[in-house]
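Presented below is the structure to which this report refers.
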Amino acid sequence: MTPGAGDALIVIDMQRDFLPGGSLAVPAGDRILAAVNRCLDLFSWAHLPVYASRDWHPPGHCSFQPQGGPWPPHCVAGSPGAAFAEGLHLPPGVTVVSKATQDTVDAYSAFGGTDLASRLAAATVKRLFVVGLATDYCVLHTVLDALEGGFEVVVLGDAIAAVDVAPGDGERAIARMRQAGASVADSAALWPGARSGPQPAGPV
């Protein structure tokens, strides 16, 4: 399970609008920040690639309720709500992937309409560790697309959180990812003491 050559971390949509107080808040979105940061610290220390996706919507995006979509306006490009979460330990070399940037096209997956697949291929990435928001939407669709693209995928279950529009949506999404071929693990599997110990000195 220890990350090494050929591995990358993908942080999905850890943006202010998806955290408590944001316009489309994931109820427990802030509770995963510590686990996400521990993963970021490990990958950064190990000089392994990190990718961070973000919704980067135009003001009249088709997913917004005023345009007939299912969601309140959120993550409008350049707005405070579209910024990454305060305190998120993104390393200097992070690759930011902006998605759903056109008025008429929505994209839950970080692969949808982006160059993520070609970037991963150029970096010879074979296995993806996935964290972020939300389990039942953007995490789910990113994982399914990654598996379809031939990547091995490990979802870190303590570093994701669900919207749960319908109760149990998050659990059903995890089951669907497993059925599609993803592994689901705790971030503690990446190094001993990940939950409560000090920041890791490096991979173990």
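The values are calculated or read from the model by the stated rules, or taken from the named source; none is laboratory data. Note that the structure is a prediction, hence the values are computed from the model and not measured. Note that we place each Cβ from the backbone using ideal geometry, even for glycine, and neighbour counts take in every protein chain shown.
With respect to residue 141, determine if the residue is surrounded by fewer than 23 Cβ atoms within 10 Å (Cβ to Cβ) and touching a helix residue (DSSP H, G or I) at 6+ places or on another chain (Cβ under 7 Å).
Here the answer is no, as residue 141 does not meet what is asked.
Taking the stretch 14-36 as the region of interest, how many residues are crowded, with 24+ Cβ neighbours inside 10 Å, more than 22 Å from residue 167 (Cβ to Cβ) and out of contact with any Phe, Trp or Tyr (no Cβ under 7 Å at 6 or more places or on another chain)?
2
Considering each residue of the stretch 158-183, count those that are of a type outside the set (Asp, Glu) and buried (at least 17 other Cβ atoms within 10 Å of the Cβ), and give that number. Full working, then the answer.
The first filter runs over the stretch 158-183 and keeps only residues of a type outside the set (Asp, Glu), leaving 159-163, 165-168, 170, 172-183.
Filter again for buried (at least 17 other Cβ atoms within 10 Å of the Cβ), leaving 159-163, 170, 173-174, 177, 182.
Of the residues in the stretch 158-183, 10 are of a type outside the set (Asp, Glu) and buried (at least 17 other Cβ atoms within 10 Å of the Cβ).
Within the group 48, 42, 33, which residue is in contact (Cβ under 8 Å) with a residue 40 or more places away in the chain, closer than 24 Å to residue 156 by Cα and in a loop (DSSP other than H, G, I, E, B)?
Details: 42 fails: in a loop (DSSP other than H, G, I, E, B); 33 fails: in a loop (DSSP other than H, G, I, E, B).
Residue meeting the stated conditions: 48.
Looking at (1) under 19 Å from residue 115 (Cα atoms); (2) in contact with a Pro (Cβ under 9 Å, 6 or more places away or on another chain); (3) of a type in the set (A, V, I, L, M, F, W, C), find the lone condition where residue 97 falls short.
(2)
If only one of 129, 111 is in a loop (DSSP other than H, G, I, E, B), crowded, with 18+ Cβ neighbours inside 10 Å and in contact (Cβ under 8 Å) with a residue 24 or more places away in the chain, which one is it?
On inspection, the qualifying residue turns out to be 111.
Can you tell me which residue among 150, 193 is surrounded by fewer than 15 Cβ atoms within 10 Å (Cβ to Cβ), modelled with pLDDT under 95 and small (Gly, Ala, Ser)?
Going through 150, 193 in turn, the sole match is 193.
Can you tell me which of 87, 60, 21, 81 is touching a His at 6+ places or on another chain (Cβ under 9 Å), more than 25 Å from residue 182 (Cβ to Cβ) and either outside any helix (DSSP H, G or I) or not basic (Lys, Arg) (or both)?
Result of the check over 87, 60, 21, 81: 81.
With 113, 78, 132 as the choices, which residue is small (Gly, Ala, Ser) and out of contact with any strand residue (DSSP E or B) (no Cβ under 8 Å at 6 or more places or on another chain)?
78 is the lone residue from the list that is small (Gly, Ala, Ser) and out of contact with any strand residue (DSSP E or B) (no Cβ under 8 Å at 6 or more places or on another chain).
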